[in-house]
Amino acid sequence: MKPISRRKLLTTGLAATAGVAGLTAAARLAQRYGLIPPDHGGLYGPGETLTYAAQRLLTTHSLAREFPRSMISKSPFANETPPANDMFKHHQASGFSDWRLSVDGMVARPASLSLSDLKSLPVRSQITEVVCEEGWSYIAEWIGTPLVEVLNAVGLLPQARYVAYFSIDKDWWESIDMADALHPQTFLTWGMNDGDLPVSFGGPLRMRVPRQLGYKSLKYVTRLTVTDTMKRFGKGLGSAEPESGYAWYAGI
Amino acid sequence: MVVRVTHWITVISFFALLISGAEIVVSHPRFYWGEVGNVMTPPLFTLPIPASRNMVRTGYGYVLPDQNGWSRYLHFQAAWAVVLTGLVYAISSLWSGHFRENLFPARADRTWRAFWAVIAKYLRRAPPDDAEAHSYNVVQRTAYLIVIFLLFPLVIWTGLALSPAFDSAVPAAVTALGGRQSARTLHFFVSGALLLFLVVHVTMIVLAGFRSRMRAMITGRAIIPAVLSKERT
């Protein structure tokens, strides 16, 4: 082996110092600009962080593809049986007239909204594709109230970083960052293909996040919480999915 | 050195992608063409394997356990490893002349005749001549170029086209392939082509003398034909 010259030693040392300093600075910047997902720890943390950071730099404002009416699936696949809990059965029996969506956390005016309260806010529709992580997909028209309208109505506080949302099924909850929460295609959906949203598709109220895989589009939503950190929710990984082994960020 | 290190990182990542990819396919072993496809629509073809979800009718009386969580995490982490390693390899190979010297066939070899001559030699199982012991012949060069410049870019493109967020930023990535389900089906076939390359590649290494080839690819020391022929006997 050749002896290492003083110059080489110096340049290698400087390069290593610069590398460590660069990585530290990059980590601090990534944290500051929200490029680190809640499930960034563990064996697969590096890959998840790269994916999420790349997507946040590339796709913060982009719109999910929308399709012509002629492409709406004739027989969409309902990947759901209604929740077996008594509370849901009671709501179903009364035609969901008492269904409420409570909104709390970092908002100026916490609220409890009925379906008709939601419908009195600005309403939008989109024809987008539901994409399951398993590989299948279908296209439907989704009618609902953009989440951003609800957040504006209750007064979002500036420190808000995530919106967590919960199903009537108590083990089922999700969260998204503000880029997706304020995105114009993220809907609290109550209609599908010109009718009410069927129970088998998540009715009466389903979150639609068309830029992410289907499992982020949580069904039977009863509560939203605005927060600055996901650490206090469950195991602190961002949603129920990472607790059963799936990625929090599902835009891939 | 860069070629060898990037090669072995790619080997590890490719196996991770292969295993996790197969695991993901098991959750829905049906393939479609066009934009949408699900159990309510006719498939292009169905793999004759059991599934890890009970909604897919496979003809098997049982459902495999769901392994998609870690498979997906591993698949995307390994994809990053392959893409970043591939970038290092491509940039360094352009810089060092590895593509020009070792992979692009010499002018005289760029004919079908030269190509078939090598194939015929393989079929006769003739021992490699002196030149072949030290560098790649035209068939090897063509195979490597197809893998590096066609199959890997295609598998990355068709994979990215399956990301709903990436498609929102670059819709052409998926529409140019004929839709989301077409992209998934193509991703499956390109992965199959890469697997086919792997099988042939490893077979040829075994035929050429597994230990000497492995030693060459790990240590980088050129093998002299005498050593090669000794190991073959």
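Given the conditions (1) in contact (Cβ under 8 Å) with a residue 60 or more places away in the chain; (2) closer than 25 Å to A:Gly214 by Cα, and given that A:Lys89 satisfies all but one, which numbered condition is not satisfied?
If we test A:Lys89 against (1) in contact (Cβ under 8 Å) with a residue 60 or more places away in the chain; (2) closer than 25 Å to A:Gly214 by Cα, just (1) comes out false.
Yes or no: the stretch B:4-24 includes at least one residue that is assigned to a helix (DSSP H, G or I), within 30 Å of A:Phe67 (Cβ to Cβ), aliphatic (A, V, I, L, M) and within 22 Å of the chain's Cα centre (by Cα).
Yes.
Take the residues in the stretch A:228-244 that are of a type in the set (Asp, Glu) and under 15 Å from the mean Cα position of the chain (by Cα); name whichever of them is nearest to the other protein chains (Cβ to nearest Cβ).
Among those that are of a type in the set (Asp, Glu) and under 15 Å from the mean Cα position of the chain (by Cα), it is A:Glu241.
Of all residues in the stretch B:63-78 being touching an Asp or Glu at 6+ places or on another chain (Cβ under 8 Å) and more than 7 Å from every other protein chain (Cβ to nearest Cβ), which is surrounded by the most Cβ atoms within 10 Å (Cβ to Cβ)?
B:Ser71
Sort out which residues of the stretch B:42-62 are more than 13 Å from every other protein chain (Cβ to nearest Cβ) and closer than 18 Å to B:Ser20 by Cα, and write them in order of number.
B:Ile49, B:Pro50, listed by residue number.
Where in the stretch B:114-182 are there helices (runs of 4 or more DSSP H), lying fully within it, with 3 or more residues that are more than 25 Å from B:Thr10 (Cβ to Cβ), away from every other protein chain (no Cβ under 13 Å) and among the β-branched types (Val, Ile, Thr)?
Result: empty, no element qualifies.
Within the stretch A:194-222, track down each residue that is assigned to a helix (DSSP H, G or I) and either closer than 24 Å to A:His61 by Cβ or touching a Leu at 6+ places or on another chain (Cβ under 7 Å) (or both).
Once the filter is applied, which keeps residues that are assigned to a helix (DSSP H, G or I) and either closer than 24 Å to A:His61 by Cβ or touching a Leu at 6+ places or on another chain (Cβ under 7 Å) (or both), the stretch A:194-222 yields A:Gly214, A:Tyr215, A:Lys216.
Of the conditions (1) exposed (fewer than 12 other Cβ atoms within 10 Å of the Cβ); (2) free of Cβ contacts under 8 Å to residues at least 12 places away in the same chain, A:Ala27 satisfies every one except a single condition; which number is it?
All conditions are met except number (1).
Scan the stretch A:43-97 residue by residue and report those that are among the acidic types (Asp, Glu), part of a helix (DSSP H, G or I) and more than 9 Å from chain B (Cβ to nearest Cβ).
A:Asp86
Suppose we filter A:Asp180, A:Asp169 for residues that are at negative phi and within 14 Å of chain B (Cβ to nearest Cβ); which single one remains? Walk me through how you get there before you give the answer.
Working: A:Asp169 fails: within 14 Å of chain B (Cβ to nearest Cβ).
Every option except A:Asp180 fails the conditions.
Take B:Ala133 and tell me if it is surrounded by fewer than 16 Cβ atoms within 10 Å (Cβ to Cβ), of a type in the set (Gly, Ala, Ser) and out of contact with any Phe, Trp or Tyr (no Cβ under 6 Å at 6 or more places or on another chain).
No; evaluated as a whole, the condition is false for this residue.
Any chance the stretch B:65-77 includes a residue that's over 26 Å from B:Thr10 (Cβ atoms) and not in a helix (DSSP H, G or I)?
Yes, that holds for at least one residue.
If A:Thr225 satisfies all but one of (1) more than 14 Å from chain B (Cβ to nearest Cβ); (2) assigned to a loop (DSSP other than H, G, I, E, B); (3) touching an Asp or Glu at 6+ places or on another chain (Cβ under 6 Å), what's the number of the condition it fails?
Single failed check for A:Thr225: (2).
Values in this text are rule-based calculations from the coordinates and carry no lab data. Owing to the predicted nature of the structure, the values given are computational and were not obtained by experimental measurement. Here the Cβ is made from the backbone with ideal geometry for all residues, glycine too, and neighbour counts use every protein chain on show.
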